[in-house]
Structures are given as structure tokens and as C-alpha cells.
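The values are calculated or read from the model by the stated rules, or taken from the named source; none is laboratory data. Because the structure is predicted, anything quoted here is derived from the model rather than measured. Here Cβ is always computed from backbone atoms with ideal geometry, including for glycine, and neighbour counts include all displayed protein chains.
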Amino acid sequence: MYDLYKPYEIVMGAYQKMYFKNLDTPRFLSFLSVFLGHVFFSNNADFRNSTFNYFLNQHLILGIDFYTILSGFLISWIILEEYRFTENFSLSNFWLKRSLRIWPLYFLLIIIGFLLVWMARNILGKTVNDMPPLSWLLTFTLNFYVIKYGQGFLFFILFLWSISVEEQFYTVLGVVLKWGKKIFVPFCILLMGISLVFQFLSMHHSINLYYNSLSWIGSFAAGGLLAYFCLNKGRVFERMKNIPIWMITFVYALFILNFAFYDRIYASPIMTSLERLSAILFFGFVIFEQTFCEKHLFQLGKIPFLNYLGKISYGLFCYHGLVIILYEQATHNISWINSAFAVFLINPIAIFVITVAISMVSYKYFEKPIMSLRLKYQPT
């Protein structure tokens, strides 16, 4: 049978972390959903008001939904796995390792943002959107800045709001699992409940519903519960591993229908507030099915190129907004750039290829060398 994940190994007094082969491609697909929501742009008002553009914007959130659940699952698994094999958890090492992965690209984008604003104003003499105050960026609270002051700043910096939410959750999760491991399950359930209530109360306030951390903590917590459930391997887990193919097919078919009729299903405010709950149920199932089930409708881990794109997906996410604005500025005087052929084919392909190329170089020569420093903080 195809090896879904590497087994545990004890090497030189340290354990080898579990690596889930089938989850790299879904990570890339979640980025692709976000990318497609941003990459189609045009000065044509008919396009901006088109059904196609509306469809893309409506489905953009699905990529973020999956990423938050997957992130909660993987980070919780890493911490709980460390407890299982070392009977301890180093909070300082956890924060250091996460910082070495997240911070370099995050702060590189901020530096680039300030440089671009300065160059545009002082060298090119152009009027451009400003950067958010540094205090909000340094404290990873950009999402709350957007709620309070709006989105009127440099386009690609806006994407960093989700990294802010992620860092906030990692901070809280680390503290809870360090000193409150026994309450981890009820804590996650509590977070899911708080998130659901908040989404219901914010159903008429879309910017709060989208950017507030309370709206997303339930998805992270659901991923954490899934990690706890799978790591403990109880009787229900063993039964679920043997889900028949027909049932797996049925769940995926339901998701396709949900995707196709998304705008109708979640048209009302109440259903909008429940959208994230349905995403938790389906994407949680995808993570479990791709990682632990004995039988599969398909295995995403068997596509090497997509696996690689999944590994560099953090770079893809961080760089794609920067590539979009630079591409848009470089081509705005080209007469055919707003034609349907350019909007739907040439521009997306060009931006995707450039983004992948930059991310590959960044991963190999910038991110990976810094990530290698995390080996110093591996538990033994």
C-alpha cells in the first residue's frame, strides 16, 4: 500500500517528526484558490461587475478556510507529538522555530513595501497608497487595523492579515499546551463555540466577519481537535480508517455541489455565519481521508510537482500580491492588456510563472537556509 505518512523513528536520541505526504498538494491548492481570487484584474467595469468575478471573490475564502484548519492540525500535531515522545514541550523552542519559518518572509515583504512607497514618491513622483503604521505590523495585529481603518494601503501588504491571525493563534496555542495540556480538548471546543457565536453576531458586518481573529479561531481549533483525535488512535479512529470508497465519493460529491451552488447556499446572513462550520467538516474530512484512510478515491501526494509547490506555498502566498502590482504597473500602458484574452489567459499565466520562479529561488536561497537553523531546537 502507498505510504501515506512516514512512521515514527528514533534517531540518535531524537524522534523523526511525522511527515504527511498527501498534505503538500492540498496546501498548494488552497493557495491556488486565493491566487485565482486576486489574479484576474481589469480596468473594464463590465468585468469587475461580471458573474465570473463575483464567483471568484465568493470562493476565495475556501482557500483560507482550508489553510487555517490544516495549520491548526499540523501545529497541534507537532506539539502533541513532542509531548508523546519526550514527555515535555519547550514553548521557547516552539516559538523560535515558528519565527524562523514565518518571520523572514513576513518582514521581507514589509521592508519591500516601505521601499516601494518611498521610491514611488521620491524617485518616480507618483501618488501611491501608504503603508500601515509599523506598530500594527510588528505586533501582528494587521487584521484589527483593517477592521478599524479599512484597506486603503499597499495592496500586497493586505495579505499579511492572515499571517497576523496565524501568529496570534500560535501564541495562544503554545501557552495553553505548555501549562494547560489537560484542558486542550475542552479549550478547542470552547474556541469553536466562541467563534460560531461571534460569526452569528457579525453576520451583518462583513469586514468583521472576514478579518476578526474570533471568526477564525474555530477553524484553527478544529484542526487541533483533529490532531488530538488522530494521534490518540482510539476505536472510532480505527473504524474511520476503513471508510468505504462509496462514502468517500459521496462526501466529495457533496462538496462539489456545495462549491457549485456556494452563492445560493450562503446567500442569507445566517448561512454566511455557518459557512466556516461546513468548511471545517469537509476540510477536516479531507485531511483525515488523505492522511489516514486505508482506501482513497485519489491520492494527492502522488503528484511530485504539486507536492513541491505545496512546500513552497508560503512563498507563493507572500509573493503573489507583490508580483501582481508590479506586473500591473509594468503593463498598464499596453493597449491589449485589458482584452479578454489577456485578462483570462496571458496575465494569470505570466503572474503565476513569475511568482513560482521567485518563490523557488526564495525557498532555496533564503527560506531554507534559515529554516535549517530550526534543527538546533529539535526536541530530544
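Here are a few things to note about the model shown:
- Selection count, segment 203-212, where residues are touching a helix residue (DSSP H, G or I) at 6+ places or on another chain (Cβ under 7 Å) and over 15 Å from L277 (Cα atoms): 5
- Residue match in segment 121-136 (condition: among the aromatic types (F, W, Y) and surrounded by 13 or more Cβ atoms within 10 Å (Cβ to Cβ)): yes
- Of the helices (runs of 4 or more DSSP H) contained entirely in segment 264-380, those carrying at least 1 residues that are among the polar types (S, T, N, Q) and either under 30 Å from E238 (Cα atoms) or free of Cβ contacts under 8 Å to residues at least 12 places away in the same chain (or both) fall at 269-292, 304-311, 313-331.
- Breaking point among (1) closer than 30 Å to N338 by Cα; (2) at pLDDT 90 or above; (3) not hydrophobic (A, V, I, L, M, F, W, C), for S92: (1)
- Among the conditions (1) touching a residue at least 60 places away in the same chain (Cβ under 8 Å); (2) over 30 Å from V323 (Cα atoms), I194 misses just one, which is (1).
- Considering segment 301-311, and only residues there that are under 18 Å from L36 (Cβ atoms) and among the aliphatic types (A, V, I, L, M), the residue that is nearest to the chain's Cα centre (by Cα) turns out to be L309.
- Scanning segment 86-135 for residues being among the hydroxyl-bearing types (S, T, Y), touching a residue at least 12 places away in the same chain (Cβ under 8 Å) and either outside any helix (DSSP H, G or I) or more than 18 Å from T171 (Cα to Cα) (or both) gives a total of 2.
- Considering segment 325-369, the residues that are modelled with pLDDT of 95 or more and β-branched (V, I, T) include one that is surrounded by the most Cβ atoms within 10 Å (Cβ to Cβ), namely T355.
- The number of residues in segment 255-297 that are farther than 26 Å from S202 by Cβ and of a type in the set (D, E, K, R) comes to 3.
- For beta carbons closer than 7 Å, sequence separation of 6+ or different chains, a first residue in segment 146-172 that is touching a residue at least 24 places away in the same chain (Cβ under 8 Å) and more than 13 Å from C318 (Cα to Cα) and a second that is aromatic (F, W, Y) and in a helix (DSSP H, G or I), the qualifying pairs are V146/W161; V146/Y211; I147/Y211; F169/F220.
- Where helices (runs of 4 or more DSSP H) sit wholly within segment 167-248, those with at least 1 residues that are surrounded by fewer than 18 Cβ atoms within 10 Å (Cβ to Cβ) and acidic (D, E) occupy 235-240.
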